[in-house]
1. Residues ALA162, ALA208: which one is among the small types (Gly, Ala, Ser) and in contact (Cβ under 8 Å) with a residue 24 or more places away in the chain?
2. Taking the criterion of being modelled with pLDDT of 90 or more, under 14 Å from ILE107 (Cβ atoms), under 26 Å from the mean Cα position of the chain (by Cα) and among the small types (Gly, Ala, Ser), would at least one residue in region 52-60 satisfy it?
3. Failed condition for LYS104, given (1) out of contact with any helix residue (DSSP H, G or I) (no Cβ under 6 Å at 6 or more places or on another chain); (2) free of Cβ contacts under 8 Å to residues at least 60 places away in the same chain, with all others met?
4. Give me the pairs: first residue in region 141-157 and in the same structural domain as ASP220 (by TED's automatic domain parsing) and without any contact (Cβ under 8 Å) to a residue 40 or more places away in the chain, second residue of a type in the set (Lys, Arg) and crowded, with 17+ Cβ neighbours inside 10 Å, beta-carbon distance under 9 Å, and six or more apart or on different chains, which are they?
5. Would you mention how many residues in region 247-270 are within 18 Å of the chain's Cα centre (by Cα) and either closer than 30 Å to LEU236 by Cα or among the basic types (Lys, Arg) (or both)?
Amino acid sequence: MKKEYINALFDKFEEACYDYKGIECWSARELQEILGYAQWRNFEKVIEKAKKSCEQALEIVKNHFADISKMVEIGSGAKKEIQDIALTRYACYLIAQNGDATTKSEIAFAQTYFAVQTRKQEIIEKRLLDVARVNAREKLSQSEKKLSGIIFERGIDNKSFAFIRSKGDEALFGGRTTNDMKRILKVPDSRPLADFLPTLTIKAKDFATELTSHNVIDKDLQGDNLITKEHVENNLAVRKMLQDRGVKPEQLPPAEDVKKVERRLESEEKKILKDLKKK
């Protein structure tokens, strides 16, 4: 393809994009023209194939192919309502993959265009999830430090605090101790369990810890037994909330070592800053 032709197609795809209920979408009717399909019924066949591909990928079809209607001019100022489909970027990618790239150069371009753009979106989403997990882990560390400070003021030492925290884990994980969970998730002995927990579990532990900090002060709890009892009850309450929503913390798979995630994010940040300086 000539550079001028590629630039023209790129502009068409970019200009056809619009916001539909806060989501980046394309009109199937407009995409039909851009991809070189003269008749709607022929393009509908490609859309149906794309929907099947969407189902096979275990995605919800209506989340990517939304039936809508639009008004079009039919001459002399008159307008007619026709059926249309609002397509997400992923839906467009599937349509391009199910089109005939051997006879339509527009399809070949679309396959690359939407594949690259979809991949960019996936990268962004993955990075946001990584950032959320790193932030959650840091928040848990802060909450545990806060709790330790509160109970140290009540004469409880590091050994007792470790015991209180361990009993909290046992309550949250349905009777499994911290060491049990480290063995199940294959966490190195020298590393904290929380570094390998998924974001949901990290936030669950953080919430229970914050509750304990609040109640130790609010109820003016003193001594190992009362504070341990409080922390266990808070973790049991959080566990019940998760179970009511169909989640058992001890059954969630391990997540990537959060330290590796931190290093990857730092490396990416340096690369982004370096690239920005070049522009």
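The values are calculated or read from the model by the stated rules, or taken from the named source; none is laboratory data. These figures come from a predicted structure and were not determined experimentally. All Cβ positions, glycine included, derive from the backbone under ideal geometry; neighbour counts span all protein chains shown.
1. Values: ALA162 fails: in contact (Cβ under 8 Å) with a residue 24 or more places away in the chain.
Every option except ALA208 fails the conditions.
2. no
3. (2)
4. From region 141-157, the pairs are SER148/ARG165.
5. So the answer is 10.
For every residue, the table says whether it meets (1) in a loop (DSSP other than H, G, I, E, B); (2) out of contact with any strand residue (DSSP E or B) (no Cβ under 9 Å at 6 or more places or on another chain); (3) touching a residue at least 40 places away in the same chain (Cβ under 8 Å).
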| residue | (1), (2), (3) |
| --- | --- |
| LEU31 | no, no, yes |
| ALA38 | yes, yes, no |
| LYS45 | no, yes, no |
| SER53 | no, yes, yes |
| LYS62 | no, yes, no |
| ASP67 | no, no, no |
